[in-house]
Structure formats: C-alpha cells, structure tokens
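Quick note: the coordinates plus some simple rules give every number you see, no bench work behind them. Keep in mind that this is a model prediction, so the values were computed, not measured. Neighbour counts are summed over all protein chains in view; Cβ atoms, including those assigned to glycine, are modelled from backbone coordinates with ideal geometry.
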Amino acid sequence: MGIETGLRDIIENGTGYIQLLRNHIWIEDNILFQIALQFLNEDDDAKLVEEFEEIEEKRIGHGKHEELVKSIEDLSKEFN
C-alpha cells in the first residue's frame with residue numbers, strides 16, 4: 001500500500017463518514033426532534049436542557065463544549 005493509496009482510502013472513508021453524519025443529523029432534526037416536540041412541553045424541554053448541561057459539565061468540564069465548537073469553526077474556516 002503506497003502513500004497515494006492510503007490517502008485515497010482516508011479521503012474515501014472520511015467522505016463516507018461525513019455523509020453518514022449528515023444523514024443522521026437530518027433524521028434527528030427533521031424526524032426525531034419533530035416527534036419529540038409533539039410530546040414535550042416547555043417545562044420538559046427546559047428540564048432536559050438543564051440535565052444535559054449538568055452531564056456535559058461533569059463529563060467534559062466547564063467551557064470545554066464552547067472550546068470544541070470554536071476549534072471546529074476555526075478548522076472549517078481554514079479548510080473551506
């Protein structure tokens with residue numbers, strides 16, 4: 001396996017993974033979240049947001065989410 005073949009494989013697999021994520025996010029946004037909206041009221045939604053924020057704080061730490069989002073935005077600007 002040469003470098004060119006390896007790079008081609010990385011690009012091909014990366015492109016496939018990007019498409020998988022795009023499809024997954026589309027399904028969440030346009031199907032699953034729409035179904036959830038039919039069953040959750042504003043109080044339920046606020047409680048879920050609060051609980052997710054607590055879990056995020058415990059798992060990755062304070063401010064890490066924002067740091068990761070900024071890193072992704074910076075990479076996007078650099079490569080687009």
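Things worth noting here:
- Any hit, segment 44-66, residues being over 15 Å from the mean Cα position of the chain (by Cα) and at positive phi: yes
- At least 2 residues being surrounded by 10 or more Cβ atoms within 10 Å (Cβ to Cβ) and among the hydroxyl-bearing types (Ser, Thr, Tyr) is the threshold, and among the helices (runs of 4 or more DSSP H) wholly inside segment 1-67 those reaching it are 3-27.
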